[in-house]
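Coordinate-derived values only; no laboratory data. Only a predicted model underlies this, so the values are computations on that prediction, with no experimental measurement involved. So basically every Cβ, Gly included, is an ideal-geometry build from the backbone, and we count neighbours across all protein chains shown.
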Amino acid sequence: MKTQVSFVYVVGVDVSKAKLDIALPNETLSIKNKADAIQKLVDRLELDHVLFVMEATGGYENQLVSLLHKHDIAFGGG
C-alpha cells in the first residue's frame with residue numbers, strides 16, 4: 001500500500017553551474033549554486049509539506065539534492 005503525501009506548495013528550481021533560479025509561490029529569486037547559499041534558503045523556508053522540483057543538469061544539481069536529502073526535504077527530478 002502506498003502512502004500518499006500532500007504538499008502545501010512546490011518550489012521550482014532551474015539549475016545551472018553558477019546559480020539556482022528559485023520559483024516560490026509568491027516570489028522568484030536567484031542564489032549561487034553553493035552549499036552556503038542553499039543552506040540559507042533551506043533555513044529561510046517553512047519546509048513542512050514542500051516539494052522541490054528540478055531537472056538533472058549534468059551534476060550541477062548535486063549540492064542542492066544533497067542538502068535537501070540531509071534535511072529530509074522532498075524533491076524530484078534530481
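Given R₀ = 25 Å, FRET efficiency for THR3-HIS71 by Cβ-Cβ distance, to 0.05?
Working: r = 20 Å, r/R0 = 0.79.
After rounding to 0.05, the efficiency reads 0.80.
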Set of aspartates and glutamates near LYS17 by C-alpha distance (under 19 Å), chain-local residues within fewer than 8 positions excluded = ASP36, GLU55, GLU61
message = Tell me the mean residue ellipticity at 222 nm calculated for the chain from its helices only (DSSP H runs of n ≥ 4, each -39500 (n - 2.57), averaged over every residue, nearest 500).
response = -7000 deg cm²/dmol
remark   = Along the range 39-55, Karplus-curve 3J(HN,Hα) (6.51, -1.76, 1.60; θ = phi - 60°) to the nearest Hz, with x for Gly and Pro, reads 4, 4, 4, 4, 5, 6, 8, 7, 9, 6, 6, 10, 10, 8, 10, 7, 9
task = Would you please report the Å³ per residue occupied by the convex hull of the alpha carbon atoms in the chain?
result = 89 Å³
